[in-house]
Every structure is written in C-alpha cells, then in structure tokens.
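The values are calculated or read from the model by the stated rules, or taken from the named source; none is laboratory data. Bear in mind that the values here come from a model prediction, so they are computed numbers and not experimental data. Ideal geometry is used to build each Cβ from the backbone, glycine not excepted, and the neighbour counts take in all protein chains shown. Ligands, DNA and RNA are stripped out before the accessible areas are found, and what is left, the full protein with its side chains, is counted by its heavy atoms. Shrake-Rupley method; radii C 1.70, N 1.55, O 1.52, S 1.80 Å.
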Amino acid sequence: MRRIALLAIASIVLLLTACATTTETHSTWQTKTGESHPTFRHMYVLVLAEDPAVAATAEKQVRKSLNRRAVEATLASETLGERDTDREAFRAQVESAVKASGADGVMVVSLLKVEERSEYVPPQVDYVPVPSAPMYLGYGPYVGHSYGAIYQPGYYHNAKDYYLQTQVYSVERKRPVWQAQSRSMNPDSLNNGAKGYAKSIVSQLDNDGALKR
C-alpha cells in the first residue's frame with residue numbers, strides 16, 4: 001500500500017508539472033535619475049491582442065494576482081467596450097476609461113514575438129494497475145492491484161515561446177515608469193499561459209517595490 005501511495009503522489013506531481021507554465025520576467029525602472037519610484041494601489045490593465053478572448057483571459061489572471069497583494073485592478077476588457085480602430089481615438093478612449101476608474105497606474109501588455117523551437121521530452125515510465133487475486137484484510141474482501149510499468153521512449157516535439165512586453169504608466173506623472181520583458185515557455189493552454197504570465201509579472205512588480213504594501 002505504501003508503494004501504491006508513493007506512485008500516486010508521483011503521478012500527481014508529474015501531472016501538475018506538465019500543466020505548469022514557466023515564465024521568465026526581467027524588469028527595469030524608467031524613472032529619471034534621483035527620482036523616487038512610484039507605488040500603486042490601483043492598476044488599470046490593458047492587454048493589446050487581436051483576439052478579445054485572449055486579452056480578457058490575460059487581464060483577469062493579472063487582476064487575480066494583483067488582488068492577492070491587496071492591489072485593486074480595473075480591466076480594459078470590462079470597461080472599454082468596442083475598441084476604436086483609429087489610433088488617436090483609441091488613445092482618448094483609454095485615457096477616459098483610466099480617469100473614470102480612478103487608477104493610479106496603467107499596465108499595458110503587448111506581444112513582441114512568437115518563437116518556435118524543437119523540445120526534447122525525456123523517456124518516462126508510467127505505472128498502470130494490474131488486477132490481482134482477491135485479498136482479505138479482516139474487514140471483508142477487496143480486490144487488490146499490483147502495478148506494472150510501461151516504458152515510453154523520449155521524443156521531440158515543436159514548442160512555442162511567447163515574448164511579451166509590459167509597461168506600467170504613472171497616471172500622476174503621465175509617462176511610463178516601469179518596463180518588463182517576459183518569456184512564457186510553451187504554455188499548454190491559454191488559461192495556463194495567462195496564469196503563468198500574471199504570476200510572474202505581478203511578483204516582479206512586487207519585488208521591485210512598485211506595489212503599495
């Protein structure tokens with residue numbers, strides 16, 4: 001039974017690892033020399049994406065991560081409505097929404113590029129239950145299982161990495177004050193990719209002292 005429990009735990013760990021998305025983030029302050037770094041209590045989050053569903057999913061994950069740090073977030077996907085195709089009109093639309101939200105910071109996220117690469121998946125051993133003869137443990141019979149091993153050879157598959165740029169603007173200073181580049185490595189789904197990015201970017205903001213404590 002101990003061996004079975006250990007195998008079950010190992011399977012769960014492997015499953016969680018497979019579903020996780022690794023995101024690396026590197027950031028820099030864009031403040032002037034000698035100028036203090038601002039901190040934010042309320043962030044307006046705008047993800048620039050051609051697909052509205054992609055933008056909304058990413059913005060919601062960022063809000064969840066900000067809320068965990070007691071930072072309020074207003075989402076462009078919930079406040080802008082239909083986005084104007086004219087660049088200057090869209091800028092005015094965003095400025096109006098930011099002002100109405102009362103946010104002191106604006107986070108703008110855009111996709112820089114998508115890079116394809118070949119990734120090697122190492123060999124794996126999967127354990128599957130094999131029915132055995134009935135066993136008796138004192139409180140009635142039950143059907144026990146032994147476990148057999150199935151070997152799966154390693155293989156290569158195509159992976160996609162997404163490179164994102166994040167800029168944070170200070171509403172008071174009316175200019176960008178913080179910037180970051182993130183690399184989201186081969187997310188297995190939109191939701192997991194957005195979750196990994198949001199966790200990484202908000203953690204970096206927090207580490208850089210950009211969030212009110």
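Some values worked out for this structure:
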{"quantity": "Portion, in percent, of the accessible area of the range 161-213 that falls on carbon or sulfur, probe 1.4 Å", "calculated": "45 percent"}
{"quantity": "Heavy-atom accessible surface of the range 41-113: percent carbon and sulfur, 1.4 Å", "calculated": "49 percent"}
{"quantity": "Packing-based ranking, highest mean first, of 162-172, 73-83 given that Cβ atoms within 10 Å are counted", "calculated": "162-172, 73-83"}
{"quantity": "The range 35-109: C-alpha gyration tensor shape, a/c 1.5 cut-off, then a/b vs b/c", "calculated": "oblate"}
{"quantity": "Solvent-accessible area per residue, Å², over the range 53-130 with all protein chains present [probe radius 1.4 Å]", "calculated": "61 Å²"}
{"quantity": "Per-residue SASA entry for Lys199, accessible area with 1.4 Å probe, Å² rounded to 10", "calculated": "150 Å²"}
{"quantity": "For Thr74, residues with placed amide H under 5 Å, excluding near neighbours", "calculated": "Met43, Tyr44, Val45"}
{"quantity": "Potential extension, Arg69-Ala92 segment - 0.36 nm per residue separation minus Cα distance", "calculated": "5.3 nm"}
{"quantity": "Contour minus Cα-Cα distance for Leu112 and Leu80 (0.36 nm per residue)", "calculated": "9.2 nm"}
{"quantity": "Inter-site label distance for Thr39 and Arg173 at 7 Å from Cα along Cβ, in nm", "calculated": "1.6 nm"}
{"quantity": "Solvent-accessible ranking of His42, His157, His26, largest area first, probe 1.4 Å", "calculated": "His26, His157, His42"}
